[in-house]
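Notes follow the structure.
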Amino acid sequence: GTSQLRRLSRIIDLRGQAAARYDVLLKDVPDVITPVIRSEVTRMSWFVYVIRLADEYRRSDRDWLISWLADHGIQTRPYFTPIHLQPFYVSEFGYRTGDFPVTERVAERTISLPFFTMITPEQQEEVVSRLKEGILMCRKERGT
């Protein structure tokens, strides 16, 4: 941990560059919403890069796409379970599915892309190329 602290500024810079590359590569990808950073934010740590599929997609579409990407060498993950549906909050406060429908709809369309400090532009280009291909295949599966 302490050795990483000495390199923290460099790590944050490299991750910022990787996020900026994804922003450019994904700019015109249909059906993908990229992260929005509010203007008052001066620096991001970028521990993960998460996209969101367009509103018309469902959890089953997202899960199909994640599986398709894995079959084609790209490891992605759903990003998060809404906090109110985490086991502690369910048992402690009685939250259940449907209590925060907007949060739940957003969560079921999120995908974390491969993201690490030394990711190369070529690796990111491959991720986005496969993502575009997967989205087209997903649309065919859905009949849209």
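Points worth noting:
- Projected-area average for the range 65-107 over all orientations - Cα convex hull basis, square nanometres: 3.5 nm²
- Size descriptors for the chain, from the alpha-carbon set: Rg then Dmax equal 16.9, 52 Å.
- FRET E, pair Ser91, Arg59, Förster distance 30 Å, beta-carbon r, rounded to 0.05: 0.85
- In plain terms, the chain from Gln17 to Glu104 could stretch by 28.3 nm, reckoned as 0.36 nm per residue minus the Cα-Cα distance.
- When the solvent-accessible area of the chain is split by element, carbon and sulfur atoms take up 55 percent of it, the probe being 1.4 Å.
- Gyration tensor (alpha-carbon) shape descriptor, the range 103-144, a/c threshold 1.5: oblate
- Net charge, Gln123 excluded, C-beta distance under 13 Å - Lys, Arg +1, Asp, Glu -1: -1
- Cβ-Cβ distance of Arg6 and Thr42, R₀ of 22 Å, FRET efficiency by 1/(1 + (r/R0)^6): the value works out to about 0.50.
- Accessible area of the range 66-129 divided out per residue, in Å², using a probe of 1.4 angstrom: 59 Å²
- Across the range 17-34, computed HN-Hα scalar couplings (Karplus, 6.51 cos²θ - 1.76 cosθ + 1.60, θ = phi - 60°) run 5, 5, 5, 5, 5, 4, 3, 5, 5, 9, 3, 10, 7, x, 6, 10, 10, 8 Hz from first to last residue, x flagging Gly and Pro.
- Annotation: amide H of Tyr49 within the under-5 Å range of Leu113, sequence separation 5 or more or interchain, hydrogens built in the peptide plane.
The values are calculated or read from the model by the stated rules, or taken from the named source; none is laboratory data. All values reported here derive from a predicted model rather than from experimental measurement. Quick reminder, even Gly has a Cβ in these numbers, built from the backbone with ideal geometry, and neighbours come from all protein chains shown. These area figures cover heavy atoms from the full protein model, side chains too; ligands, DNA and RNA do not enter into them. Shrake-Rupley method; radii C 1.70, N 1.55, O 1.52, S 1.80 Å.
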